[in-house]
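Okay, so here's the structure we're looking at.
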Amino acid sequence: MTTIKICGITSREQAETIASLGVNYLGFIVVPGTPRYVQPDRLPELTQNLTQAKKVVVFRNPRLEEIKDIIANTCLDGIQLHGKETIGFCQQLKEIYPRHLLIKAIGVQQKQDLELAQTYSKVVDVILLDGAGGGTGTPIDWQMLGEFQPSCRWWLAGGINPHNAKEALMQTKADGLDLSSGVEDSPGRKNIAKIKSLLSVIR
């Protein structure tokens, strides 16, 4: 079954509702200055006793201590890196947190970006291929991904919505989809009907 992650959750009420629909992962973004930013001290309130879906926190170029502080105070299942984190940093995180799902996002604009993703796929659990910027709805050229075969699972993001999700999976053979703006009314405010529609289309 295709893995589904809904990213950019900003309210406890929506977190509970979306988790109850049967999505696999919820994403909470702690990157200041982004439209779906959540203050780290709100994470316990947003994630505590939320058991129907796994919880992932999204970082961009974090310090190791920042990750340690958040994990120490929050019940999390995964760490997503959305910046220019090195392979060595990813390896270090995996050694410290072997039970946490480690996701590395790679922005794809050309084939060389896929080669970079292949390299990271040897040290992380999931590669997330995204359009430029992340969370902007910018799609990737799916035809470029037809022969992408990393050493780990991989998910597709970038301009995915209920209308094109099935076609995206058929063209790319991705293991999962990561959606944000494609199932929103406004940044951080998810449209529950769109998420239900997405799930009905691909499951």
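List of remarks:
- Listed cross-link partners 122/194; 104/196; 173/194; 55/122; 68/194 are compared with a 32 Å cut-off, the Cα-Cα value being larger for 122/194; 68/194.
- The string of couplings for the range 145-160 from the Karplus curve (6.51, -1.76, 1.60, θ = phi - 60°) is 9, x, 10, 6, 9, x, 7, 9, 5, 9, 10, 10, 9, x, x, 7 Hz, one whole number per residue in order, with x for Gly and Pro.
- Proximal aspartates and glutamates relative to residue 94, as straight alpha-carbon distance under 19 Å, when same-chain residues fewer than 8 apart are discounted: 65, 66, 69, 77, 85, 125
- For the chain, size of Cβ-based charge dipole, Lys and Arg +1, Asp and Glu -1, in debye: 260
- Computed over the range 88-203, Cα set: Rg, Dmax in Å: 14.6, 41
- Computed FRET value (nearest 0.05) for residue 2 with residue 87, which takes r as the C-beta separation and R₀ as 35 Å: 0.80
- Considering the chain at the alpha-carbon level, its Rg and Dmax are found to be 15.6, 42 Å.
Computed from the coordinates by the stated procedures, all read-outs in this text should not be read as laboratory data. It should be emphasised that the depicted structure is a prediction, and the values quoted were computed from it without experimental measurement. Note: ideal-geometry Cβ built from the backbone for every residue, glycine included; neighbour counts use all protein chains shown.
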